[in-house]
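In what follows, a single structure is set out as structure tokens and then discussed.
The values are calculated or read from the model by the stated rules, or taken from the named source; none is laboratory data. Being a predicted model, the structure only gives us computed values, none of them experimental. Because the Cβ atoms are built from the backbone with ideal geometry, glycine has one as well, and the counts that use them run over all protein chains shown.
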Amino acid sequence: MPNQLTISELTARLARREVSAHAATQACLDQIARVDGQIHAFISHDAADALAQADAADSAMANGATHAQQPLLGVPIAVKDVLAVKGQPLNCGSKILGHFVSPYDATAVEKLKAAGAIVFGRLNMDEFAMGSSTENSAFGLTRNPWDTTRIPGGSSGGSAAAVAADEVIATLGTDTGGSIRQPAALCGCVGLKPTYGRVSRYGLVAFASSLDQIGPFTKDVRDCATMLKVISGHDQGDSTSVAQPVPDYTAALTGNVKGLRVGLPKEYMIGGLDPEVKAAVDAAVNQLQSLGVTVEEISLPHTEYAAATYYIIAPAEASANLARFDGIRYGARVEGADPLELYRKTRGAGFGPEVKRRIILGTYVLSSGYHDAYYVRAQKVRTLIRQDFLKAFERVDAIVTPTTPTAAFKIGEKSDDPLQMYLSDVFTISCNLAGICGVSLPCGFTQSPKLPIGLQLLGKPFGEEMMLRIAHAYEQSTNWHQTKPVIRG
Amino acid sequence: MAASDFNVKYMAHLARIQLSAEEETKLGDQLSHILSFMEQLKTLDVSRVEPTAHAGPTVNVTRADETRPSLPHDEALRNAPKKANGLFVVPKIVE
């Protein structure tokens, strides 16, 4: 079935006219109809619009458009509900945006469309990207396709689940503290966070402006490289985007990793790490060595401070970014006698508990008398964390770690204890603080139940090519990426 | 500056978020607990460390002072909860 294909496979068949974009899109829509009642990866999707885009892609191909010019021509792709798609709803998994419809496309979305992709659907997420389980969505939770009593991860839970369940060919998500890599690990697909500044944030509703990045979820590493090339690049609309040339990431997938050096941080392989996850990562490290990679122990000494640092900085930035949701220019509104009352009531009614928790925490750490002790101090620890990585990258080409300490946990298991939820991000958070790139890919499964385990590779700033080269070589020497969940429709 | 200093009522006021009494109590407890966890950062010597506000080197970005197309008026007002005469409508601010 065309919905089960990768980008590479589908575009090859489209080019050979073995399948039409219409048929591929219909197959995705059929799969959504079959399984999304259970999985709930989508908040909404516009089937008629998707098919109209597909028909336009088929016309274009009939008129000579090629995949050399438009690498995603005819490929159905869905996006996280935090990215603006012109004419489509934008809710960020929250009630506070009401019936908001985007007046423009995010740059990353514009680039997908220019590459010929069929962009449709609003994928479920933790509200305003705050969460690690997609349990914080105002539109209901998303279930892990491998075990529907478990979470898919978050905040890009819908983006990961939709790929794992073959509802679409690929998706876009966002990653501020691990929100692409962690759900990719828990759902058994590939998820990449680019170096900060690699992909424009124009049209991405901001959570933490110095940490957010948009990135792809795909079924394999080659597709990930294809997507990354499409969405990357400097953009006038985002003054934090970097004018670094965009290489052909697929050309980096040479298959040869002999002599490359990879570091295994000793601080990551400690207590709290599930024994099955440890075993899978150890086996992956051995596999890398058999491919000619040298793996050596390294130290990232400030690892233990990363969670505290992140949970000061991200909420602080969020408290500023979410001040705009005030019921005046857009979104839902609760009336008040004066503007102050209107703001307080609108925000009190419109934000969910996790968002309120983080805004208030962020307000506190920025407030007079506490700003130096918390926010500035956390920014200094952030420097130490970044320096740990830059020092390590003088010796190694990439760093390998487990993506998460455990496989997917049960729905409701951590939702009562916010701190427990925060601590589960321990392996992914430092990457955002340091601004480096990271990717998660499948490296095995737990025994019973069968749940995916993710291997994380971290690369130096703008080191995506090296990171993808190693990821690809590992992937191609295993068949984890070809194992799919059985979803009883 | 201990976690017990945490005044959830005042913080909610600064954040312009109305909380129910129940929310106040629950959030107050949760955030005190979380802030205790943050205390560990005080054990580090950061006296000779510069803060990092952005992961990469940042330069101020400007553009030429030229008029460019921007979001049309009606598009900008399309999502407004209350509008009139091409304006956003708000409760009275000044007596």
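Mind telling me which of the residues A:Pro461, A:Pro442, A:Pro418 ends up being of a type outside the set (D, E, K, R) and at pLDDT below 95?
Result: A:Pro418 is the single residue among A:Pro461, A:Pro442, A:Pro418 that is of a type outside the set (D, E, K, R) and at pLDDT below 95.
Of the residues B:Ala21, B:Ala2, which single one is more than 9 Å from chain A (Cβ to nearest Cβ), at pLDDT below 90 and out of contact with any Phe, Trp or Tyr (no Cβ under 9 Å at 6 or more places or on another chain)?
On inspection, the qualifying residue turns out to be B:Ala2.
If A:Asp425 meets every condition in (1) among the acidic types (Asp, Glu); (2) modelled with pLDDT of 95 or more; (3) within 25 Å of A:Glu127 (Cα to Cα) apart from one, which number is that one?
The failed condition is (2).
Filter the range B:32-52 for residues that are surrounded by 14 or more Cβ atoms within 10 Å (Cβ to Cβ) and assigned to a loop (DSSP other than H, G, I, E, B) and give the result.
Those that are surrounded by 14 or more Cβ atoms within 10 Å (Cβ to Cβ) and assigned to a loop (DSSP other than H, G, I, E, B): B:Leu44, B:Val46, B:Val49, B:Pro51, B:Thr52.
Any residue at all in the range A:99-111 that is under 21 Å from A:Glu167 (Cβ atoms), crowded, with 24+ Cβ neighbours inside 10 Å and without any contact (Cβ under 8 Å) to a residue 60 or more places away in the chain?
No, because not a single residue in the range A:99-111 is under 21 Å from A:Glu167 (Cβ atoms), crowded, with 24+ Cβ neighbours inside 10 Å and without any contact (Cβ under 8 Å) to a residue 60 or more places away in the chain.
Among the residues of the range A:307-318, is any within 27 Å of A:His99 (Cα to Cα), facing another protein chain (nearest Cβ under 9 Å) and either in contact (Cβ under 8 Å) with a residue 40 or more places away in the chain or touching a helix residue (DSSP H, G or I) at 6+ places or on another chain (Cβ under 8 Å) (or both)?
No, every residue in the range A:307-318 fails to be within 27 Å of A:His99 (Cα to Cα), facing another protein chain (nearest Cβ under 9 Å) and either in contact (Cβ under 8 Å) with a residue 40 or more places away in the chain or touching a helix residue (DSSP H, G or I) at 6+ places or on another chain (Cβ under 8 Å) (or both).
In this structure, does B:Ala55 turn out to be at pLDDT below 90, at the interface with chain A (Cβ under 8 Å from one of its Cβ atoms) and touching a Lys or Arg at 6+ places or on another chain (Cβ under 9 Å)?
Against the criterion (at pLDDT below 90, at the interface with chain A (Cβ under 8 Å from one of its Cβ atoms) and touching a Lys or Arg at 6+ places or on another chain (Cβ under 9 Å)), B:Ala55 qualifies.
What number of residues in the range A:422-432 are part of a helix (DSSP H, G or I), away from chain B (no Cβ under 11 Å) and in contact with a Lys or Arg (Cβ under 8 Å, 6 or more places away or on another chain)?
1
Taking the range A:136-152 as the region of interest, how many residues are in contact with a strand residue (DSSP E or B) (Cβ under 8 Å, 6 or more places away or on another chain) and not polar (S, T, N, Q)?
Qualifying residue count, the range A:136-152: 6.
Considering only the range A:217-267, state which residues are polar (S, T, N, Q) and surrounded by 20 or more Cβ atoms within 10 Å (Cβ to Cβ).
If the condition is that a residue be polar (S, T, N, Q) and surrounded by 20 or more Cβ atoms within 10 Å (Cβ to Cβ), then A:Thr218, A:Thr226, A:Ser232, A:Ser241 are the ones that fit.
Kindly check whether there is at least one residue in the range A:406-414 that is in contact (Cβ under 8 Å) with a residue 40 or more places away in the chain and within 14 Å of chain B (Cβ to nearest Cβ).
Looking through the range A:406-414, at least one residue is in contact (Cβ under 8 Å) with a residue 40 or more places away in the chain and within 14 Å of chain B (Cβ to nearest Cβ).
Is it true that A:Gln88 is farther than 28 Å from A:Ala165 by Cα and either in contact with a Gly (Cβ under 9 Å, 6 or more places away or on another chain) or surrounded by fewer than 16 Cβ atoms within 10 Å (Cβ to Cβ) (or both)?
It is false that A:Gln88 is farther than 28 Å from A:Ala165 by Cα and either in contact with a Gly (Cβ under 9 Å, 6 or more places away or on another chain) or surrounded by fewer than 16 Cβ atoms within 10 Å (Cβ to Cβ) (or both).
Which of the residues that make up the range A:157-183 are in contact with a strand residue (DSSP E or B) (Cβ under 7 Å, 6 or more places away or on another chain), more than 24 Å from A:Leu10 (Cα to Cα) and of a type in the set (Ser, Thr, Tyr)?
Correct list: A:Thr174, A:Ser179.
Taking only pairs six or more apart or across chains, which ones have beta-carbon atoms under 7 Å, a first residue in the range B:39-50 that is on the phi > 0 side of the Ramachandran plot and more than 7 Å from chain A (Cβ to nearest Cβ), and a second residue that is of a type in the set (D, E, K, R) and assigned to a helix (DSSP H, G or I)?
Qualifying pairs under 7 Å: none.
Which residue out of A:Thr363, A:Thr401 is modelled with pLDDT of 95 or more, away from every other protein chain (no Cβ under 14 Å) and in contact with a helix residue (DSSP H, G or I) (Cβ under 6 Å, 6 or more places away or on another chain)?
A:Thr401
Any chance the range A:191-210 includes a residue that's touching a helix residue (DSSP H, G or I) at 6+ places or on another chain (Cβ under 9 Å), part of a loop (DSSP other than H, G, I, E, B) and closer than 22 Å to A:Gln31 by Cα?
Checking the range A:191-210: not a single residue is touching a helix residue (DSSP H, G or I) at 6+ places or on another chain (Cβ under 9 Å), part of a loop (DSSP other than H, G, I, E, B) and closer than 22 Å to A:Gln31 by Cα.
For the condition within 7 Å of another protein chain (Cβ to nearest Cβ) and crowded, with 24+ Cβ neighbours inside 10 Å, what is the one hit in A:Arg358, A:Arg347, A:Arg329, A:Arg333?
A:Arg347
Filtering the range A:253-302 down to residues that are in a helix (DSSP H, G or I) and aliphatic (A, V, I, L, M), which residue is farthest from A:Pro449 (Cα to Cα)?
Ranking the qualifying residues of the range A:253-302, first place goes to A:Leu288.
Is there any pair with a first residue in the range A:224-247 that is more than 19 Å from A:Gly173 (Cβ to Cβ) and a second that is outside any strand (DSSP E or B) and among the aliphatic types (A, V, I, L, M) whose Cβ atoms are under 7 Å apart and which are 6 or more apart or on different chains, and what are they?
A:His234/A:Val242; A:His234/A:Ala243; A:Ser239/B:Val61
Criterion first (in a loop (DSSP other than H, G, I, E, B), of a type outside the set (A, V, I, L, M) and more than 22 Å from the chain's Cα centre (by Cα)) does B:Pro69 satisfy it?
So B:Pro69 fits the description; yes.
Please enumerate the residues belonging to the range A:71-109 that are closer than 28 Å to A:Arg17 by Cβ and in a helix (DSSP H, G or I).
If the condition is that a residue be closer than 28 Å to A:Arg17 by Cβ and in a helix (DSSP H, G or I), then A:Val109 is the only one that fits.
If I filter the range A:477-485 for residues that are modelled with pLDDT of 95 or more, within 21 Å of A:Phe427 (Cα to Cα), under 20 Å from the mean Cα position of the chain (by Cα) and not in a loop (DSSP other than H, G, I, E, B), do I get at least one hit?
Looking for residues that are modelled with pLDDT of 95 or more, within 21 Å of A:Phe427 (Cα to Cα), under 20 Å from the mean Cα position of the chain (by Cα) and not in a loop (DSSP other than H, G, I, E, B), one finds none in the range A:477-485, hence no.
Given the structure, is A:Lys278 surrounded by 13 or more Cβ atoms within 10 Å (Cβ to Cβ), away from chain B (no Cβ under 14 Å) and charged (D, E, K, R)?
Judged against the criteria, A:Lys278 is a match.
How many residues does the range A:439-473 hold that are more than 14 Å from chain B (Cβ to nearest Cβ) and within 21 Å of the chain's Cα centre (by Cα)?
Qualifying residue count for the region: 23.
Look through A:Gln244, A:Gln236 and report the one residue that is over 24 Å from A:Leu390 (Cβ atoms), in a loop (DSSP other than H, G, I, E, B), among the polar types (S, T, N, Q) and at pLDDT below 95.
Unique residue meeting the criteria: A:Gln236.
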